[in-house]
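A short worksheet on the structure shown next.
Computed from the coordinates by the stated procedures, all read-outs in this text should not be read as laboratory data. Note that the structure is predicted; figures quoted are calculated from it, not measured. We place every Cβ from the backbone using ideal geometry, glycine too, and count neighbours over all the protein chains shown.
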Amino acid sequence: MRDLFERIIENKGPLGKWASQAEGYFVFPKLEGHISNRMKFNGKDVITWSINDYLGLANHPEVLKVDAEAAAEHGAAYPMGARMMSGHTDLHDQLQDELAEFVDKQAAYLLNFGYQGMVSAIDALVTKDDIIVYDVDSHACIIDGVRLHMGKRFTYQHNDMESLEKNLERATKMAEQTGGGILVISEGVFGMRGEQGRLKEIVALKGKYNFRLLVDDAHGFGTLGKTGAGTGEEQGVQDQIDVYFATFAKSMAGIGAFLAGDKEVIDYLKYNLRSQMFAKSLPMIYVKGALKRLDMLRTMPELKEKLWENVNALQNGLKERGFNIGTTQSCVTPVYLNGSIPEAMALVKDLRENYGIFCSIVVYPVIPKGLILLRMIPTATHDLEDINLTLEAFSAIRDRLENGTYKRLSAAVEAAMGDK
Ligand SMILES: Cc1ncc(COP(=O)(O)O)c(C=O)c1O
């Protein structure tokens, strides 16, 4: 037998093993200043393309005022205790009602965090007799929720309706034996590549198979649909989504999340959602803050218009310059380049230090070996100058990638990584 910590100390995990080369720069970077299109990184001004503040609400003066007033009145704690025990207020109810109305559902229930809430929602919605069928590219919160499931689960190939159907057939046969039901889970917008979940085609399968649909619309809420109610509204199938989920951590620029659906389902979740039954209620600062942000989502369509002006300018500019931005159908803007991990590190360093551009970098094993994904999130706070400077910088770094500059620069990194 060995000491539990021996393994932990020897093997820091798939990401942790890069800590000495990456920490403070590629991972755990410290962006400073007010959340906006321009912030400071390592003391230098950078254009930020990695912040999910889609509508630019994080630093909006009206939002800051409401947040400050709520903090002054309630502190950070009120109300104390879980919703069920002592942490419930009229404003929690009001926020739920307004969210439900906004996403066109009968009722909604608040969650303290999106990740934990989704894990708990999946846990509450199924029993061991039920079968889960979910997209293989799902966010970690869905994967981890499915991990709690005691029954069968199947993945379908990403956004592949043939594969979904095959798995629905298998799930149906199994459910007939267990006496359970089927839960299908998709994202509204897949956050890495920006594709929308094929919700319209998924719900069309309800004519043939008996299942309920749960949609994680973290990136669609506030950005898609005529009113900003998300991917279901965008595709005209909001009424066919049985349980709708969104977080406040993106368009709403806050903390918290919610589930919405038929009243009977939400009433059930209220009494069975362990992440809310056994955890302190969402503090009033975030409740009042979310009411304000939701009001702005509803009454200031110009924020979403400005966001999309920027999304279109950036995505069109990249395409005109011959960049591969994949199959995005949302604000999420991926740029795919060919290169190794050390080349990617040298390229991102060049972008940050010499061009003042800060965007996230994604490499193997999240995407296939040999690909570099620069993931960009345009927001309503960006302007044309940001976009033009970024397009010029991207053209320059692509030239340097293709002429081998980063290969040479990265040789030292590669040597250091040697046996990793
Ligand atoms: C698709 C998706 N689901 C869930 C979450 C988790 O939300 P939260 O940050 O509120 O925990 C995120 C955010 O990272 C997300 O992108």
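For the options Gln177, Gln96, Gln116, a Gaussian network treatment of the chain with springs between C-alpha atoms closer than 10 Å singles out Gln177 as fluctuating the most. In the elastic network of the chain, a GNM with C-alpha springs shorter than 10 Å, the most mobile of Arg193, Arg321, Arg153 is Arg321. The label-point distance for Lys319 and Asp267, in a model that sets each label 7 Å from Cα toward Cβ, rounds to 4.8 nm. Around the amide H of Ile372, modelled in the peptide plane, lie the amide H atoms of Leu337, Asn338, Gly339, all under 5 Å away and 5 or more residues distant in sequence or on another chain. Of interest is the spacing of the C-alpha centroids, which for the range 233-283 and the range 320-391 amounts to 32 Å. Give me the Debye-computed log₁₀ of I(q)/I(0) at q = 0.08 Å⁻¹ for the chain, equal point scatterers on Cα only, no solvent, two decimals. Summing over Cα pairs of the chain leads to -0.48.
Could you work out [θ]222 nm for the chain from helices alone, using -39500 (n - 2.57) per DSSP H run of at least four and dividing by all its residues? Round to the nearest 500 deg cm²/dmol.
Value at 222 nm, helices only: -13000 deg cm²/dmol.
Within the straight-line cut-off of under 16 Å between alpha carbons, the lysines reachable from Lys200 are Lys208, sequence neighbours fewer than 8 places apart in one chain being disregarded.
Computed over the chain with a Gaussian network model linking Cα atoms closer than 10 Å, the most mobile of Gly256, Gly24, Gly220 is Gly24.
P(r) for the range 1-146, please, calculated from all Cα pair distances in 5 Å bins and given in %. The distribution over the range 1-146 is 2, 6, 8, 10, 14, 16, 15, 13, 9, 4, 1, 0, given as percents. Inter-label distance, Ala140 to Ser395: 3.8 nm, where each label sits 7 Å from its Cα along the C-beta direction.
Straight-line cross-link reach from Lys128 at under 16 Å between alpha-carbon atoms covers these lysines, not counting any fewer than eight positions away in the same chain: Lys152, Lys173.
Please find the FRET efficiency linking Arg38 to Lys200, where r is the Cβ-Cβ separation and R0 is fixed at 41 Å, and quote it to the nearest 0.05. The calculated FRET efficiency here is 0.60. Arranged from fewest to most other beta-carbon atoms within 10 Å of their beta carbon, Asp137, Asp239, Asp104 become Asp239, Asp104, Asp137. A Förster distance of 35 Å, applied to the separation of the beta-carbon atoms of Glu162 and Asp93, puts the FRET efficiency at 0.20.
In this structure, the residue pairs whose Cα-Cα separation is over 23 Å, taken from Lys226/Lys306; Lys12/Lys40; Lys270/Lys304; Lys263/Lys304; Lys40/Lys280; Lys250/Lys288, are Lys12/Lys40; Lys270/Lys304; Lys263/Lys304; Lys40/Lys280.
Restricting to Cα atoms and excluding each atom paired with itself, what does the Kirkwood estimate give for the range 18-91 in Å?
Working: mean 1/r = 0.0640 Å⁻¹.
Averaging 1/r across every pair of different Cα atoms and inverting gives 15.6 Å.
In this structure, the amide hydrogen of Ser360, modeled 1.01 Å from its nitrogen in the peptide plane, lies closer than 5 angstrom to those of Arg375, counting only residues at least 5 positions away or on a different chain.
Taking the fewest neighbouring Cβ atoms within 10 Å as the starting point, the ordered list for Phe221, Phe113, Phe211, Phe28 is Phe28, Phe113, Phe211, Phe221.
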